[in-house]
Amino acid sequence: MAITVVGSVAFDSIETPAGRRERCLGGAATYFSLSASFFTDVRVIAVVGEDFGQEQQAAFNARGIDTRGIEHASGKSFFWEGSYLENLNEAKTHNTELNVFGSFQPKIPDAYRDSEFLFLANIDPVLQRRVREAMPDVKLVAGDTMNYWIKDHKPALLEVLRGLDILLINDTETKMLAGNSNLVQAARAVLNLGPRMLVVKHGEYGATAFFGHDGVAAKTFRAPALPLEEVVDPTGAGDSFAGGFFGYLASQKELTPGAFRRAMFYGSVMGSFAVEEFGTSRLEKLTREEIDVRFNQFRELTHLD
């Protein structure tokens with residue numbers, strides 16, 4: 001089953017304790033689509049500038065990702081510069097240049113309209129809502145957001161949340177959105193806003209899924225993170241987690257509780273690979289065999305007997 005993802009395709013300059021890289025291929029839709037492509041067909045809606053060339057396109061082509069929804073505009077692509085020198089779990093932004101992304105108006109190709117899964121990556125909630133409304137027949141829709149939209153664009157974001165099945169955000173964003181510093185209480189409040197499931201990402205500590213029923217966080221499930229000797233670049237970890245999680249769900253004939261639990265593990269697997277090299281380099285070299293081996297490592301990590 002195909003996933004359509006709408007979000008950013010960008011260039012990142014990143015500095016971590018492991019070094020510095022200039023103008024890596026990045027963007028939420030990029031990490032998500034590369035990760036999800038190991039499980040199912042992926043279609044991308046984004047905008048890039050004239051600096052997006054054959055080298056960047058090749059990364060998508062190699063994974064069989066449908067890029068007919070990527071608009072090529074005059075100007076430069078979205079650019080972000082940040083560092084993780086003080087805390088690998090939190091980026092310090094030094095420069096953001098929206099460039100062509102600043103006037104992005106998602107255009108949905110006709111060939112994408114039969115997609116059964118939709119992922120609304122971290123963009124303006126007004127745009128997220130427009131895409132959601134333009135694709136009313138999807139089987140499952142998930143989305144992401146960030147503190148900027150929560151703080152300054154909350155009314156528009158609340159409209160989006162009412163149309164989501166799954167929301168994927170981190171601890172800080174969950175507490176900010178709910179206005180509550182207790183994670184469990186905050187999760188319950190977020191589920192009251194519309195999503196049927198909330199996935200809270202904890203960075204190097206894994207992720208927790210809260211399953212809602214009539215606004216009550218009736219069930220929870222925790223997926224660990226694999227202890228790594230070195231984290232080179234955490235930039236794409238969250239979006240790679242989302243790609244593995246949602247990609248696995250899209251590959252299943254039936255969305256059972258077990259499928260959601262396994263999807264959490266596959267999300268953690270993909271996030272663990274993404275941080276091993278700068279930018280998308282590790283995901284571009286990854287094989288399905290490596291994914292399956294690491295998935296089994298995660299299972300062994302959590303088995304009591």
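The values are calculated or read from the model by the stated rules, or taken from the named source; none is laboratory data. Small disclaimer: the values here were computed from a predicted structure and weren't measured. Cβ sites come from the backbone with ideal geometry, for glycine too, and all protein chains shown count toward neighbours.
Quick notes on this one:
- Residues that are in a loop (DSSP other than H, G, I, E, B) and touching a Phe, Trp or Tyr at 6+ places or on another chain (Cβ under 9 Å) occur in segment 39-48; there is at least one.
- The criterion of at least 2 residues that are in contact with a helix residue (DSSP H, G or I) (Cβ under 9 Å, 6 or more places away or on another chain) and under 17 Å from THR40 (Cβ atoms) is met by the following strands (runs of 3 or more DSSP E) wholly inside segment 57-122: 66-72, 117-120.
- First in segment 76-103 and without any contact (Cβ under 8 Å) to a residue 24 or more places away in the chain, second anywhere and among the basic types (Lys, Arg) and not in a loop (DSSP other than H, G, I, E, B), Cβ under 7 Å, 6 or more apart: GLU86/LYS92
- Entry remark, segment 249-265: residues being assigned to a helix (DSSP H, G or I), touching a residue at least 60 places away in the same chain (Cβ under 8 Å) and out of contact with any helix residue (DSSP H, G or I) (no Cβ under 8 Å at 6 or more places or on another chain) number 0 in total.
- Each residue in segment 266-300 was checked for being outside any helix (DSSP H, G or I) and acidic (Asp, Glu), and 2 of them qualify.
- Filtering segment 19-38 to residues that are of a type outside the set (A, V, I, L, M) and in a helix (DSSP H, G or I) leaves THR30, TYR31, PHE32, SER33, SER35.
- Evaluation of LEU25 against the conditions (1) under 15 Å from PHE78 (Cβ atoms); (2) out of contact with any helix residue (DSSP H, G or I) (no Cβ under 6 Å at 6 or more places or on another chain) shows that the sole unmet condition is (2).
- Among residues of segment 214-235 that are within 12 Å of GLU276 (Cβ to Cβ) and at pLDDT below 90, those with a Cβ under 8 angstrom from a residue that is among the hydrophobic types (A, V, I, L, M, F, W, C) and part of a loop (DSSP other than H, G, I, E, B), sequence gap 6+ or separate chain, pair up as LEU228/VAL275; GLU230/ALA18.
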